[in-house]
Amino acid sequence: MKEIRPGIWFVEGENRGRYPFAHSLFIDGDESLLIDTGVGPALDSLVPRTRQVVLSHFHRDHVARNHLFTEVKFALHRADAPGVESVEGFYRFSGLSQLNMEAYCKMISQVRFMPTRIDRYLEDGDLIDTGRRTVQVLHLPGHTPGHCGYLVEEYGFVFTTDIDLTAFGPWYGNPASDLELFRASIKKLRALKPELIATGHSPPLARSIDSKLAAYAEVLERRDQKILNALEAKPLTLEQLTDKKFIYKKHNGQEVLRFFEEQMVRKHLESLAGSKMVAKTDAGFYTVLH
């Protein structure tokens with residue numbers, strides 16, 4: 001653990017926070033707060049010190065060790081609650097139930113989902129009191145419907161969770177994800193002008209924050225352009241565009257990655273169609289509008 005501001009501890013996930021792990025945040029106080037539980041075994045020592053657990057969203061790498069915290073109350077944004085409260089909700093929100101049976105069973109064994117009872121449903125602007133610090137909920141949807149960051153205003157600090165500033169860029173591969181909301185959430189963060197941020201998959205950052213967020217958002221524009229360039233050459237179906245691997249460098253033989261790629265390409269096409277830049281023919285081909 002690293003104390004990044006007085007009483008605020010950055011808890012680094014296994015393998016530097018790479019999936020299937022994620023970083024957490026621990027905030028001291030009489031009602032000490034842990035945000036996310038996907039760190040790995042290093043989280044075990046915090047169990048007796050934690051009085052409340054807040055989750056950023058429903059993804060497995062952020063909720064993996066919920067089961068350790070049997071004596072605390074859990075909080076999560078209302079829009080993501082179905083994704084942790086039941087097995088059915090998790091597989092519906094993630095889209096994994098749409099895979100073929102072999103891939104579906106493989107994912108079930110890897111994910112090892114365990115439902116969590118949510119005691120408090122959060123909304124944007126809600127305040128969480130630790131007895132020492134007040135943490136404000138920032139609803140930052142797009143990655144998932146209820147994805148949230150957490151603001152400690154006195155330090156200008158935001159834990160942005162899966163607006164993660166990784167080189168891969170934004171991820172919105174679930175059916176419940178929303179590309180346009182993701183763009184808006186990045187803009188919302190930039191407007192706050194934070195002095196310090198930490199994310200679920202990258203280390204704390206105190207310099208060039210706005211330029212990092214801008215570069216992160218530009219990944220979306222590059223993906224748009226790759227799709228447009230491909231369609232300039234000739235009309236293509238969603239399946240053919242997915243085959244081009246604009247987002248994942250490889251997904252041959254990996255049905256889960258192909259599924260996520262297709263979901264994200266679909267969302268770009270919907271966005272581009274909404275902007276009157278592409279159209280879908282009756283035969284299922286997408287074409288560029290001039």
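The values are calculated or read from the model by the stated rules, or taken from the named source; none is laboratory data. Note that the structure is predicted; figures quoted are calculated from it, not measured. Every residue, glycine among them, receives a Cβ derived from its backbone with ideal geometry; neighbour counts consider all protein chains shown.
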Over the range 11-43, the set of residues surrounded by fewer than 18 Cβ atoms within 10 Å (Cβ to Cβ) and not acidic (D, E) is N15, R16, R18, Y19, P20, G29, P41, A42
What is the residue count in the range 258-285 for residues that are over 22 Å from G169 (Cβ atoms) and not in a loop (DSSP other than H, G, I, E, B)?
3
For residues that are among the β-branched types (V, I, T) and within 23 Å of the chain's Cα centre (by Cα), scanning just the range 228-261, find the one that is surrounded by the fewest Cβ atoms within 10 Å (Cβ to Cβ).
V256
Pairs, please: C-beta under 6 Å, at least 6 apart or cross-chain, first residue closer than 13 Å to I209 by Cα and in the range 148-167, second assigned to a helix (DSSP H, G or I) and of a type in the set (S, T, Y)?
L165/Y216
Selected residue (criterion: nearest to D124 (Cα to Cα)) from residues of the range 148-177 that are hydrophobic (A, V, I, L, M, F, W, C) and part of a loop (DSSP other than H, G, I, E, B):
I163
Would you check if G284 is surrounded by fewer than 16 Cβ atoms within 10 Å (Cβ to Cβ) and in contact (Cβ under 8 Å) with a residue 24 or more places away in the chain?
yes
Restricting to the range 50-77, give me the number of residues that are under 22 Å from E31 (Cα atoms) and either in a helix (DSSP H, G or I) or within 14 Å of the chain's Cα centre (by Cα) (or both).
10
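Taking V47, is it under 23 Å from T134 (Cα atoms) and part of a helix (DSSP H, G or I)?
Answer is yes for this residue.
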Candidate set from the range 112-132 (those that are crowded, with 16+ Cβ neighbours inside 10 Å and at pLDDT 95 or above); member that is farthest from L220 (Cα to Cα):
T130
